[in-house]
Structure formats: C-alpha cells, structure tokens
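The values are calculated or read from the model by the stated rules, or taken from the named source; none is laboratory data. These numbers were taken from a predicted model, which means no experiment stands behind them. No Cβ is skipped: glycine too gets one built from the backbone with ideal geometry, and neighbour counts run over all protein chains shown.
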Amino acid sequence: MEKIFNTLIDSFIEDKVGIADLFLNENLSGHLKNNLTRLYQGNQLLSAGTGNETIVVPDKLFRSDRIYWLDRSHNDPHENAFFDLMDCFVSYLNSTCYTGITGYEFHYTLYEKGSFYKKHLDQFRTNTSRQYSMIMYLNADWQLADGGELCVHHTNGLQNIPPMDGKSVFFKSSELEHEVLVTNKPRMSITGWLKVD
Ligand code: OGA
Ligand code: NI
C-alpha cells in the first residue's frame with residue numbers, strides 16, 4: 001500500500017500531477033463500477049452543477065457529467081472499503097507531508113458518450129476548503145480512441161491523461177486548471193477532494 005501511496009505522492013512532488021496506475025485494485029474498482037452502473041440504470045445520478053456550494057447551477061454547456069455522492073451511511077461494503085483506503089492514504093499523507101487534511105468528499109461520476117467538462121479549477125470561489133483533487137478511474141479496456149482524457153493545463157503546456165482502470169490522479173485543487181475532453185463512450189470514475197475544514 002505504502003508503495004502505491006509513495007508513487008502518487010512522489011510524482012505529485014515532481015511535476016504537480018501525481019499518477020499511480022494501480023491505486024484501486026481490480027476487485028475494488030470492479031465492484032465500484034458495478035455500483036455506479038446500477039445507480040445509473042436506476043436513474044439515481046444527478047446532473048452535476050457549477051458555482052459555489054449554496055448555488056449550484058446545472059450547466060450542460062460547461063459540464064455534462066452525472067454524479068452520486070458516496071457515504072458510509074449507505075453501508076455498502078465496497079464504498080466502505082474505498083473509504084478505508086482513503087483513510088489510510090490521508091493519514092499517510094498527513095504524517096509524511098504535514099498536509100493537515102481533516103476531511104474529504106467523493107462522488108461517483110459518469111460521463112455519457114459525448115460528455116465533457118470544460119477548463120476549470122476545483123476550488124469554489126466562496127469556499128477554499130478543497131485542498132487536493134483526486135480522481136480514480138473505473139474503465140476497463142479503455143482505448144486511446146475512446147477519448148475522454150483528463151487534460152491538465154500546466155504553465156508550459158498540456159498533459160493528457162487517459163482514464164484507464166484503477167489509475168488515480170492527484171493534484172492541488174487551487175492551482176491546476178484542467179478539463180475533461182469529450183468522451184466517445186461511457187466514462188466512469190470516483191472523483192473527490194481532500195479538505196481542510
Ligand atoms: C472534476 C474533474 C476530472 C476527471 O470532476 O472536477 O475535473 O478526469 N474531473 O474526471
Ligand atoms: Ni475538476
């Protein structure tokens with residue numbers, strides 16, 4: 001576990017975007033993907049919005065993903081296994097990097113074919129509690145032709161990251177502008193933020 005955490009943290013320190021290919025093991029990512037598929041089929045996903053925390057305006061021209069918040073109160077074993085993993089990661093991060101993270105929030109995300117999320121920062125204008133963004137992809141057999149890359153806007157150029165299964169991406173929420181390019185098939189992930197409340 002620590003090895004994967006270090007891979008994510010070391011690559012983050014090196015160039016502002018941490019990437020670890022096997023952050024979620026195949027078993028956990030498969031179960032989470034099944035959960036998300038079931039939520040989608042049961043019409044449980046909400047259109048994601050933009051704005052601050054109190055005024056969230058669904059804006060289909062800016063982002064067209066659909067979401068569902070994870071919560072321990074769902075008593076879902078796989079969601080809880082995911083939270084256990086995040087608890088381990090946060091305490092490792094806090095003890096090795098003095099990050100002082102005190103909370104987090106995560107949602108399932110589904111981009112239907114043709115969906116995207118235009119260039120943005122992850123911190124709200126009126127609330128700076130989000131410190132680090134983390135995305136975990138749930139897409140087995142993703143091909144480059146499927147599109148849907150996370151495109152990070154660095155000061156010296158663009159970095160395109162395909163949303164391959166099990167991969168985690170980690171970056172500072174207030175700093176790096178990024179976008180999700182149009183996906184050519186359903187694109188699934190868990191997206192969240194480590195927070196200082
Ligand atoms: C977001 C986001 C990136 C991705 O939800 O804020 O930028 O790769 N997601 O899904
Ligand atoms: Ni974002």
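From the list D146, D84, which one is away from ligand 1 (no atom under 11 Å from the Cβ), surrounded by fewer than 17 Cβ atoms within 10 Å (Cβ to Cβ) and under 21 Å from N34 (Cβ atoms)? Please lay out each step first, then the result.
Numbers: D146 fails: surrounded by fewer than 17 Cβ atoms within 10 Å (Cβ to Cβ).
Only one candidate passes the filter, namely D84.
Per-residue answers, yes or no, for (1) in contact with a Lys or Arg (Cβ under 8 Å, 6 or more places away or on another chain); (2) over 21 Å from I13 (Cβ atoms); (3) surrounded by 13 or more Cβ atoms within 10 Å (Cβ to Cβ):
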{"site": "S95", "(1), (2), (3)": "no, no, no"}
{"site": "Y98", "(1), (2), (3)": "no, no, no"}
{"site": "S115", "(1), (2), (3)": "yes, yes, yes"}
{"site": "I135", "(1), (2), (3)": "no, no, yes"}
{"site": "L158", "(1), (2), (3)": "no, no, no"}
{"site": "P162", "(1), (2), (3)": "no, yes, yes"}
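From (1) in a strand (DSSP E or B); (2) within 13 Å of ligand 2 (Cβ to nearest atom), pick out the condition that doesn't hold for S174.
(1)
Are any residues in the stretch 22-46 within 15 Å of ligand 1 (Cβ to nearest atom) and either modelled with pLDDT under 85 or closer than 25 Å to D141 by Cβ (or both), and if so, which ones? Spell out the reasoning first.
Of all residues in the stretch 22-46, those within 15 Å of ligand 1 (Cβ to nearest atom) come to 23-24, 29, 32-33, 36, 45-46.
The answer is F23, L24, S29, L32, K33, L36, L45.
For the stretch 64-146, please list each of the strands (runs of 3 or more DSSP E) lying entirely inside it that holds at least 1 residues being small (G, A, S), away from ligand 2 (no atom under 14 Å from the Cβ) and more than 15 Å from the chain's Cα centre (by Cα).
Numbers: elements: 66-69, 103-111, 117-120, 130-137.
Qualifying strands (runs of 3 or more DSSP E): 103-111.
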